[in-house]
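One structure is given here, and the rest of the page talks about it.
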Amino acid sequence: MISSFQQKLLSVFDKKNNVLPKKKTYSLRNRIFQYFLLFLAAFLLFALLLIYYFSDQLLQNSYRHIHETLALYSSQLEQDLSAVESSLFLLASEDTDVSLLGTMDYSKETPLHQIRVNRLLTNTLPYFSSVDGLFIYAERTDSFISSSRSTDSGWCNTYVKSLVRMQADADTENLPETSDWYFVSLSDGYYLVRIMKQRFCYTGAWARLETLTSTYTNMKEGQTELFYVNHKGNALTSGDWSSYRLSPADSLHDFVVFEDRDGQEYLQISIMPHFGSHYLMAFVPMEHIRSALDPVYRFIVILILLLLALEIFMFLRVNRFLARPALTIRQIASQVHDGSLPLGSELTGERCEEVLGIHNTLNALFDEISALKINVYEERLAKTEFELEYLKTQVAPHFLINCFSTIYSLSNTAGGQAMTQKMIQTLSDHLRYTLSTRNMVALSEELHYVKNYLELTQIRFPDCLSYEIDVADECMEASVFPLLLLMQTENTIKYNMVMGEQLSVKITGMLDQTKDPPHLMLMHLDSGDGFTPEDLPWMNQFDLEKHKPVDGHGVGFYNVLKRLSLLYGESAQIRFSNEPGWGARIDFDLPYLHHGKDREPDQKQPIRTDSTQQTEEVRHEHTGR
């Protein structure tokens, strides 16, 4: 009983769900898996951002460190070059030999002065490691005296000698292009040259660029490329870097990653020294910088693997703890939906408090629903029984009046006393039948009283009534409510029976096995005038609430429809029509309900009845023949 009620309750919820907008559903297990993937993706993204952050910080730190180192190197180099300039200035202004070479004409003493000056330059050069050569040129005696660390500076020595002699021949006081240290490209390489015009002579120095940058590159173990670049972006070096067009201004304040033709990447750093007009650039291989991140990378990878293993372990644990409760909840929901959840059932082995709480709440809810269902069902039964009893009180007087009318008619006929007695006996049986408290009777019992009523009518109207009852054997034990067919027979006699005119009544019954459950198909047919065309539409669409009987008219018709509705609901149907060649036809379609086998012996009647033979037997009984 509770299962059907649950289904009805769920059907109501389904109807509401059809009206209201449907909400998307989700699986708790799938949602946890989605969150797991989302957390994993977020963690991997965080790891990538962490790697990017450390890489960027490393590049920034490397850039600042190398930039500061270059600046320190440039500052130290500038101090060294400034010291060279000061030393040459003092040498030209205070040394007697230099003064004599610059103020006196050439004489036999001139070579001696030249030797002394050369010795002086040779002794001074070791104190300046930044330069490769020193020179003094005295225009008065055309004495060019130089000292260099090696013979590799021959090209620069020749260049400087020719340059100062050319400037002296031009009779210019200053050399505009040599007002500061400047870079020059010669056949054997690039040089940094300084030429100064003193009071009596020219002094200066030169340095190979490879010598200037070798100190820094040696300090970096040869992993850093260091060279000067002019304002056009050309590298002042004889290596492969001279074929690139560089952009030193881009890396003056921030690092730039430079990629060569072979795909190798370098960290580019540049500064602008205070001497000269060229840039000093350093290129550090990214492999060397990234190698410093290897410990960090290993730590991050290990951390990712550990967290991933921890997350997988937590997911498996959470899935283990949630999978069984979620499956149990889904099974409970499925049982609720199917109406198969046992009342008062217990969950064995379940330790989840939430699941136990849901199950206990459902049990309590179904207990209340069951109690409510029983109360509602009992109230409906009480109401139905009251309405049935009320209908019986309406039917009994109606039938009683008709019987009294028949008794009155029989009392005025010949042999009326015997027939009156018979009629009174029949009336007594009918009253006992109609006023009984039973709501349902076997179809055979109903047909028994229908046949008695027809036989009494044949006595009242001799040779005017014939009937036929043809009901299948399997239908005789069907359960029907009292007066189902008797009332239709009574109305047929009441409205169609006329003395001297022939009237026929036919009742058939069969069992329709094609339906589930099987249905009892009954037909009541007469040869009277039938229903009027105006009555058939509203009779077949009769509304019990709107068309209640007024002043006692239509009580029988209303009672039949009302009792069909109360006892069978929508599973029973009745149809009114006119049969061609006959008269009124009434078809009953009722669900088959077995009444049982405990009927009284006098209720057992043959299935087919010959009305003519039975009428003669009754007539002979009352006439004494």
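All of the numbers you see were taken from the coordinates with simple rules; none came from a lab. As the structure is a computational prediction, the values presented were derived from the model and not from experiment. Don't worry about glycine lacking a Cβ; one is built from the backbone with ideal geometry, like all the others, and counts go over all protein chains shown.
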Ordering of 300-312, 135-147 by burial proxy (mean other Cβ atoms within 10 Å per residue, highest first): 135-147, 300-312
Charged-residue dipole, Cβ positions (Lys, Arg, Asp, Glu), segment 181-290 about Cα centre, Debye nearest 20: 800
Tensor-based shape of segment 442-541 (alpha-carbon gyration tensor, a/c under 1.5 rounded, otherwise prolate or oblate): oblate
Per-pair calculated FRET efficiency, R0 = 45 Å: residue 367 and residue 318 via Cβ, rounded to 0.05: 0.85
Cβ-derived FRET efficiency at R0 51 Å, residue 301 paired with residue 158, nearest 0.05: 0.25
